[in-house]
Amino acid sequence: MKLKYIFIAAAALVLGSCTKSAIAPLEGVYQRPDDFNSTELVSSSIDKLDGVRCFNVELEDAGARLSLKFYCDKYYLEPVTYSSADAASIRKGFYLVGEGGSTYTKNGKTTALDHGGISVSANGSDYSFSGSVWLADGNVVKINSKVTIVYEPDPEPVKLSTVLSASSNLANGTPSVSLNLAQAGISSVQNPDWSTTWTGEGHYLAIDLYSADGYLHEGTYTPSAAGGQVTEGTFGIGWDPGDIFGWGVLFTDWGTCWWNVSGGVAKSEKKITEGTVTVSRNGNKWTIELVSGEGKDMVWGLFEGEVPALTDPNSTGEVKYKELTKVLSANNQNAGLITFQFATDGVSSTFDSATWTTTYSGTGNYLALDIYSADGKLAPGTYNACATGGAIGAGEFGIGYDTEMWGTQFFNWGTCWWTVTDGATSAQKVLDGTVTVSLDGGNYTVVLQSSTVNARYVGPIEL
């Protein structure tokens, strides 16, 4: 009987194993991945974009060519693992795929990369690239490349535009103020259990500054001598207080620290223990600039904006104007509108009437300004920002806006603050504020006060 039971069990096992396979059979033909083992750098370039840079790296291996577009916010290609993203979702820490993105060329055929991770490591200027990437046609490329890429120091400040929090510490017996200043798009919510929920991607600066009265004050602040000790003229360095309350909980990264927000989590990247924090005021607008370290270790953060919670309501900040010294153009548009371009000394322009294009040269700034005029004359008075771009009424100036005509998109029309760098231009739209016009003899004074810029021109204007 024992033998019979063994036979039945064996038969059941065989039948059971044949009725359903745990792994479906493979179908089709799968090509071996292309091995891309490059040691040849064809080209390397950088495109500066808004708050991020695109690092273009082109590699070659035995006739095959790999063109990669990495996005990060350093002046050098940061050694991390980059994931893929298309143009609609590209940001730092990713490489661009899809239309206009990274490509692979072999035997005269160029194919867009579709997905896959690429790890970048570096030892000084010696870079290594590794990983497997899938192409749009389904083929796979296995990357193992080592080349030398030299990046010259060219840092830019990380622009901080959001006040996450701003408070005085006087009630705790500490003569200081604390601020959390973040890049655009970052926000935080304190939960009932004292945890924090983060959204957005980027950096924020947590900073402690000395203040005897609980308000912000202009000046240059240097590092405090020790963590938790903020004395006159200093900022509180980053430090780990440990189990400061005796609760059995270790506290870390207090004071001035540089934080990174990603995937709903905030992590301290660096405790700030050196450098300077410079605070200046222009009307109600504050500029807070941290410069710490050098080269690849530099942390450079720049905040510009209002901080009502830490601005003394009994003080009036001096308004500092960007002085404009020349009129590039002044035109009566015969439609209730006159347009101006006022520039700093270093900027000039040339208008081509055949193509209706203007070419700028030099380095500096200019203000493009639209003002309402019923009779084509510039009347003294105060002009407020219009409510809608392109629709200017009496007593208004035209805010900056984008528009579309003849199926073509046009950007930065209306009143905008332009930066010119060796002829290249970029703009910030002016969306609020006032323009004041006065006339003294033959000289006009045109003053713009806005959250974007405060600018002033004094001199003759011919319309």
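Say we look at the stretch 95-117 and pick out the residues that are within 23 Å of the chain's Cα centre (by Cα) and buried (at least 19 other Cβ atoms within 10 Å of the Cβ); which of these is nearest to Phe70 (Cα to Cα)?
Tyr95
Restricting to the stretch 215-233, and then to whatever is hydrophobic (A, V, I, L, M, F, W, C) and part of a loop (DSSP other than H, G, I, E, B), can you tell me which residue is surrounded by the fewest Cβ atoms within 10 Å (Cβ to Cβ)? If you could, list the steps in order and put the result at the bottom.
Filtering the stretch 215-233 for residues hydrophobic (A, V, I, L, M, F, W, C) gives 216, 225-226, 230.
Right, trim to part of a loop (DSSP other than H, G, I, E, B) and you get 216, 225, 230.
Working: Leu216: 22, Ala225: 10, Val230: 26.
The selected residue is Ala225.
Restricting to the stretch 285-307, name every residue that is open to solvent by 40 Å² or more (accessible area, probe 1.4 Å), in a strand (DSSP E or B) and of a type in the set (A, V, I, L, M). First the steps, then the outcome.
Pass one, the stretch 285-307, residues open to solvent by 40 Å² or more (accessible area, probe 1.4 Å): 285, 289, 291, 294, 296-298, 300, 304, 306.
Restricting the remaining residues to those that are in a strand (DSSP E or B) gives 285, 289, 291, 300, 304.
Within the stretch 285-307, just Val291 meets the criteria.
Out of the residues in the stretch 247-284 meeting the condition of being of a type in the set (Phe, Trp, Tyr) and crowded, with 16+ Cβ neighbours inside 10 Å, tell me which one is farthest from Ile207 (Cα to Cα). Walk me through it before giving the result.
Of all residues in the stretch 247-284, those of a type in the set (Phe, Trp, Tyr) come to 247, 251, 254, 258-259.
When the remaining residues are screened for being crowded, with 16+ Cβ neighbours inside 10 Å, the result is 254, 258-259.
Numbers: Trp254: 9, Trp258: 9, Trp259: 11 Å.
Per the stated criteria, the residue is Trp259.
Report yes if some residue within the stretch 257-270 is on the phi < 0 side of the Ramachandran plot and not in a strand (DSSP E or B); otherwise report no. Walk me through how you get there before you give the answer.
Keep residues of the stretch 257-270 that are on the phi < 0 side of the Ramachandran plot, which gives 257-262, 265-270.
Cutting the leftovers down to not in a strand (DSSP E or B) gives us none.
Within the stretch 257-270, not a single residue is on the phi < 0 side of the Ramachandran plot and not in a strand (DSSP E or B).
Limited to the stretch 46-66, what total is found for residues that are open to solvent by less than 60 Å² (accessible area, probe 1.4 Å) and part of a strand (DSSP E or B)?
11
Please go through the stretch 108-125 and pick out each residue that is touching a residue at least 12 places away in the same chain (Cβ under 8 Å) and on the phi > 0 side of the Ramachandran plot. Step through it out loud before you land on a result.
Initial filter on the stretch 108-125 (touching a residue at least 12 places away in the same chain (Cβ under 8 Å)): 111-122, 125.
Once the filter is applied, which keeps residues that are touching a residue at least 12 places away in the same chain (Cβ under 8 Å) and on the phi > 0 side of the Ramachandran plot, the stretch 108-125 yields only Gly116.
In the stretch 447-463, is there at least one residue being touching a strand residue (DSSP E or B) at 6+ places or on another chain (Cβ under 8 Å), modelled with pLDDT of 95 or more and surrounded by fewer than 14 Cβ atoms within 10 Å (Cβ to Cβ)?
Yes, that holds for at least one residue.
Looking at (1) in contact (Cβ under 8 Å) with a residue 40 or more places away in the chain; (2) part of a strand (DSSP E or B); (3) of a type outside the set (Ser, Thr, Tyr), can you tell me which one Pro155 breaks?
(2)
Only one of Gly219, Gly202, Gly173 is on the phi > 0 side of the Ramachandran plot and without any contact (Cβ under 8 Å) to a residue 24 or more places away in the chain; which? First the steps, then the outcome.
Details: Gly219 fails: without any contact (Cβ under 8 Å) to a residue 24 or more places away in the chain; Gly202 fails: without any contact (Cβ under 8 Å) to a residue 24 or more places away in the chain.
Testing whether each residue is on the phi > 0 side of the Ramachandran plot and without any contact (Cβ under 8 Å) to a residue 24 or more places away in the chain leaves just Gly173.
State which residue is surrounded by the most Cβ atoms within 10 Å (Cβ to Cβ) when the search covers only the stretch 395-415 and only residues that are more than 23 Å from the chain's Cα centre (by Cα) and of a type in the set (Asp, Glu).
Checked the stretch 395-415; the qualifying residue surrounded by the most Cβ atoms within 10 Å (Cβ to Cβ) is Glu396.
Table: residues versus (1) over 26 Å from the mean Cα position of the chain (by Cα); (2) farther than 25 Å from Pro175 by Cβ.
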site	(1), (2)
Thr197	no, yes
Asp208	no, no
Gly214	yes, no
His217	yes, no
Pro241	yes, no
Lys270	no, yes
Gly275	no, no
Val279	no, no
Gly283	no, yes
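Would you check if Ala85 is of a type in the set (Gly, Ala, Ser), closer than 29 Å to Val299 by Cβ and surrounded by 15 or more Cβ atoms within 10 Å (Cβ to Cβ)?
Numbers: of a type in the set (Gly, Ala, Ser): yes; closer than 29 Å to Val299 by Cβ: yes; surrounded by 15 or more Cβ atoms within 10 Å (Cβ to Cβ): yes.
For Ala85, the condition - of a type in the set (Gly, Ala, Ser), closer than 29 Å to Val299 by Cβ and surrounded by 15 or more Cβ atoms within 10 Å (Cβ to Cβ) - is met.
The values are calculated or read from the model by the stated rules, or taken from the named source; none is laboratory data. All values derive from a computational prediction rather than experimental measurement. Cβ coordinates were reconstructed from backbone atoms using ideal geometry, including for glycine residues, and neighbour counts include every protein chain displayed. Keep in mind that these areas ignore ligands, DNA and RNA; they rest on the heavy atoms of the full protein, side chains included. Shrake-Rupley method; radii C 1.70, N 1.55, O 1.52, S 1.80 Å.
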